[in-house]
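Below is one structure; the comments refer to it alone.
The values are calculated or read from the model by the stated rules, or taken from the named source; none is laboratory data. Predicted model only: the values in this text are computed from it and were never measured. Here the Cβ is made from the backbone with ideal geometry for all residues, glycine too, and neighbour counts use every protein chain on show. What goes into the accessible areas is simple: the full protein's heavy atoms, side chains included, and nothing from ligands, DNA or RNA. Shrake-Rupley method; radii C 1.70, N 1.55, O 1.52, S 1.80 Å.
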Amino acid sequence: MTGTPSERLAKLSEQFLHESLQLSPISASQAGYHTYTDPSSGKLVRLDAELDELGTEDIAEELKFYRHWRDRMRTQVPYRSLNPQDRADWILIDDGISNALLDLEKIQSYKHNPTVWVEAIGNALFLNISQEYAAKDLRMADAVSRITQIARFVGQARQQLTDSDPIFIQVAVEENAGNLGMIDDIGKDLPPTGPVRQRYDRFAPAAKKALADF
């Protein structure tokens with residue numbers, strides 16, 4: 001990679017930020033990163049309409065991603081090559097990568113804490129409702145798109161979770177009630193007819209059942 005260390009850091013930082021958010025549409029919504037063009041297909045991806053993919057293969061890809069970026073940052077922009085201001089930015093990125101790897105490799109909260117999954121669903125739907133990133137009809141369509149993926153997401157949670165502290169389970173149950181209520185509220189806010197209403201009516205019952213059985 002050409003350029004000064006500062007220029008290389010700026011370029012790599014931007015690339016890492018975008019690619020890491022593309023891995024987590026929920027985090028992307030929270031960060032205000034709403035769309036990107038898939039380089040392989042040329043398709044515009046609406047991140048606000050997607051839920052994260054957290055199956056076994058997806059977790060393996062996340063591990064690969066963060067290990068790659070840890071090595072890339074340390075090789076292409078070594079800490080000692082940077083000025084004091086850039087070093088602070090480098091530390092923020094390196095710490096973020098290290099924290100992600102700590103959770104994926106050792107803590108593995110996705111295996112032991114059901115609130116991680118329940119809160120992810122709640123955050124995803126709440127961001128569609130609360131953030132005015134687009135017209136309301138489009139945001140509601142995004143929320144319904146996420147509702148269509150809840151059964152898949154809960155299935156991945158069941159696949160990943162191995163054990164949990166009873167306190168985590170109790171909190172997850174309480175938070176899950178809020179998610180069920182939010183799905184109902186979204187339905188009440190939709191027009192009585194149209195394709196978005198049809199999708200909601202088709203998928204909301206399965207989403208609610210998956211959450212109720214979780």
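Probe of 1.4 angstrom, ligands and nucleic acids ignored: what's the accessible area per residue over the stretch 33-123, in square angstrom?
56 Å²
Set Lys and Arg Cβ to +1 and Asp and Glu Cβ to -1, take the dipole of the chain about its Cα centre, and tell me which of 69, 123, 110 lies farthest positive.
69
What do you get for the angle between helix 136-147 and the principal long axis of the chain? Use alpha-carbon atoms, 0 to 90 degrees, nearest ten.
Once rounded, the angle reads 90 degrees.
Expressed in nm to one decimal, what extension gain is obtained for the pair residue 137 and residue 197 from 0.36 nm per residue of sequence separation less their Cα-Cα distance?
Values: separation 60, 0.36 × 60 = 21.60 nm, distance 1.10 nm.
Gain on extension, residue 137 to residue 197, equals 20.5 nm.
Taking R0 as 25 Å, what FRET efficiency do you get between residue 212 and residue 67 from their Cβ-Cβ distance, rounded to the nearest 0.05?
It comes to 0.10.
With contacts defined as alpha carbon pairs under 8 Å and 6 or more residues apart, what's the relative contact order of the chain in percent?
Taking the mean separation of contacting Cα pairs over the length of the chain, I get 22 percent.
Between the stretch 145-214 and the stretch 16-62, how many Å separate their Cα centres?
The distance from the Cα centre of the stretch 145-214 to that of the stretch 16-62 comes to 20 Å.
Calculate log10 I(q)/I(0) of the chain for q = 0.07, 0.13, 0.15, 0.17 Å⁻¹, where I(q) comes from the Debye formula with a single equal point scatterer on each Cα and nothing for solvent.
Taking Cα atoms of the chain as identical point scatterers yields -0.26, -0.83, -1.02, -1.20.
Multiplying the sequence separation of residue 11 and residue 74 by 0.36 nm and subtracting their Cα-Cα distance, what value in nm do you get?
Stretched fully, the residue 11-residue 74 segment lengthens by 21.3 nm.
If the reach is capped at under 14 angstrom between alpha carbons, list the aspartates and glutamates near residue 208, excluding any in the same chain fewer than eight residues apart.
Output for residue 208: 175, 184, 185.
Please name which of 207, 160, 145 has its Cα lying farthest along the dipole of the chain towards the positive end, using unit charges on Cβ (Lys, Arg +1; Asp, Glu -1) and the Cα centre as origin.
Farthest along the dipole direction, towards plus: 145.
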